[in-house]
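Worksheet for the structure shown next.
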Amino acid sequence: MNILILGATGFIGSAVARKLTEEGHQVTGLGREPARAALKMSQARWLKANLTGMTRREDWQDALDGQQVVVNCAGALQDGYSDDVGAIQERAMLALYEAARGRDLLIVQISAETEGAGSDLPFLDTKRRADAALTASGVRHVILRPALVLGRNAHGGSALLRALAAFPLVIPLAYADSPVMTVALDDVAATVSATIQGTLPPGSDISLGRDDGLRLKDIVLLHRSWLGLPPAPVLAVPSPAARPVTWLADLAGRLGWRSPLRSAALAVMSGGVRVRQRSRADRRLLSAAETLAAAPSGVQDLWFARLYLLKAPIIVTLALFWVVSGIAPFLGFEARGHFASFLPDRPASAMLAATCLADIALGVAVLFRPWARRALLGMLLLTLIYLPAATLAEPALWLDPLGPLVKVVPSMLLTLTALAILDER
């Protein structure tokens, strides 16, 4: 079959795309940045598109031509610099349903449990309205509602679980006793496949979640064991104490960073992750322990878990380092003398101002996710210019253990580390 997958570069979408491709379907993946996915899965066709710009019926005509199935794996947790929840999860979907009328098309909607804690948030409210519109549209459809999805790879909430599990000595955890149902990523992909094969009748609304009586802290400790780390006590963090973290995460979201610690995620987790007992998938679902045991961890998983929560401090540290180094000369700290040793007075002042402004611009730019990679590369480039120039002008600076040249080397290594862990998926 010809199958269009929305959000095909995401955590669930990429697994569904791989499963359906392996089964011989002609898969077209739609995503905002599909270049890397296209290299990893060259047998699929890839479309670069942003759902926020596909809110009219005519926006879907070309994408739907020749397709027999649409699998919607797209979603956004919270509004941010790069995300418009209303457009992605509702307005684009209403336009899709309208464009699908009159076509022999099946829509498989990956949704969520939209009742309970956080149900009034845009994340769940838009999903609920989109599901209702799909049900009333007359288009053939099946709605799948997975609980917390666990897989070999990790993104968002599942990545945060691994990061918390790798905490040294003690694990700080808000809502530690919230009940959590899970479903294996492979089970989600297999259910999508079964739906396309006709196992589930159109109009089905299926819950995908296994209730093993686990709480959030149990899931985290399972991941800790999976990582091969010794047991550690869980420190229950009161929800008010977690609010400063969510405020910072929400601010980061406005700058384009999609943190799983944002307020929407914490609001949903306050009531746990459960799915109501609607129709059930006609298959035995793997437990959380079985899901993890099926793919033993390696050292790369431990590195990821330990580095995940360090990404934000690394980026903020680099931003502060560059901004402060750019501001300091304007506050009276002597720096023009370094240029005056080989330039006349006026050009030396101009060169100092130019380099200071460049430092400040790079420090600010790295805080914006869409600009971060270019800012980090700019930091490396500017540093590689600074070092030989300063070495030729004043080689004695290397002899000062607290001098500017000695400090630049660890900053370069921190920049390279930020580049290495910058990718989100």
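Only residues that are over 21 Å from Leu307 (Cα atoms) and not acidic (Asp, Glu) were counted in the range 118-168, giving 29.
When restricted to residues that are open to solvent by 40 Å² or more (accessible area, probe 1.4 Å), assigned to a helix (DSSP H, G or I) and of a type in the set (Lys, Arg), the range 121-141 contains 2. Per the listing Ser42, Ser82, Ser111, the residue uniquely open to solvent by 50 Å² or more (accessible area, probe 1.4 Å) and of a type in the set (Ser, Thr, Tyr) is Ser42.
Can you tell me which residue within the range 174-217, out of those that are within 13 Å of Thr291 (Cβ to Cβ) and of a type outside the set (A, V, I, L, M), is most open to solvent (accessible area, probe 1.4 Å)? Only one residue fits best here, namely Asp186.
Would you check if Asp125 is more than 29 Å from Pro370 (Cα to Cα) and out of contact with any Lys or Arg (no Cβ under 6 Å at 6 or more places or on another chain)?
No.
Listed here are the strands (runs of 3 or more DSSP E) enclosed by the range 1-120 that have at least 1 residues being more than 30 Å from Val273 (Cα to Cα): 2-6, 26-31, 45-48. Is there a residue being touching a strand residue (DSSP E or B) at 6+ places or on another chain (Cβ under 9 Å) and within 26 Å of Val142 (Cα to Cα) anywhere in the range 212-231? Yes, there is a match, as at least one residue in the range 212-231 is touching a strand residue (DSSP E or B) at 6+ places or on another chain (Cβ under 9 Å) and within 26 Å of Val142 (Cα to Cα).
Every residue, every condition in (1) modelled with pLDDT of 95 or more; (2) open to solvent by 40 Å² or more (accessible area, probe 1.4 Å), yes or no:
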position: Val220; (1), (2): yes, no
position: Ala236; (1), (2): no, yes
position: Pro240; (1), (2): no, yes
position: Leu251; (1), (2): no, yes
position: Leu266; (1), (2): no, no
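Of the residues making up the range 287-311, those that are open to solvent by 40 Å² or more (accessible area, probe 1.4 Å), aliphatic (A, V, I, L, M) and within 17 Å of the chain's Cα centre (by Cα) are Leu307, Leu309, Leu310.
Number of residues in the range 85-108 that are small (Gly, Ala, Ser), closer than 16 Å to His141 by Cβ and surrounded by fewer than 19 Cβ atoms within 10 Å (Cβ to Cβ) equals 1.
Within the range 322-333, can one find any residue that is modelled with pLDDT of 95 or more, of a type in the set (Gly, Ala, Ser) and either within 24 Å of Pro370 (Cβ to Cβ) or crowded, with 18+ Cβ neighbours inside 10 Å (or both)? No; the residues of the range 322-333 include none that is modelled with pLDDT of 95 or more, of a type in the set (Gly, Ala, Ser) and either within 24 Å of Pro370 (Cβ to Cβ) or crowded, with 18+ Cβ neighbours inside 10 Å (or both). Residues in the range 18-31 that are out of contact with any helix residue (DSSP H, G or I) (no Cβ under 8 Å at 6 or more places or on another chain) and closer than 26 Å to Leu150 by Cβ were compared, and the one that is surrounded by the fewest Cβ atoms within 10 Å (Cβ to Cβ) is Glu22. Filtering the range 231-273 to residues that are in a strand (DSSP E or B) and within 20 Å of the chain's Cα centre (by Cα) leaves only Val273.
The values are calculated or read from the model by the stated rules, or taken from the named source; none is laboratory data. Keep in mind that what you see is a predicted model, and the values were worked out from it rather than measured. Heads up, the Cβs are rebuilt from the backbone with ideal geometry, glycines too, and the neighbour counts pull from every protein chain shown. Calculation scope for accessible area: heavy atoms of the full protein, side chains included, ligands and nucleic acids excluded. Shrake-Rupley method; radii C 1.70, N 1.55, O 1.52, S 1.80 Å.
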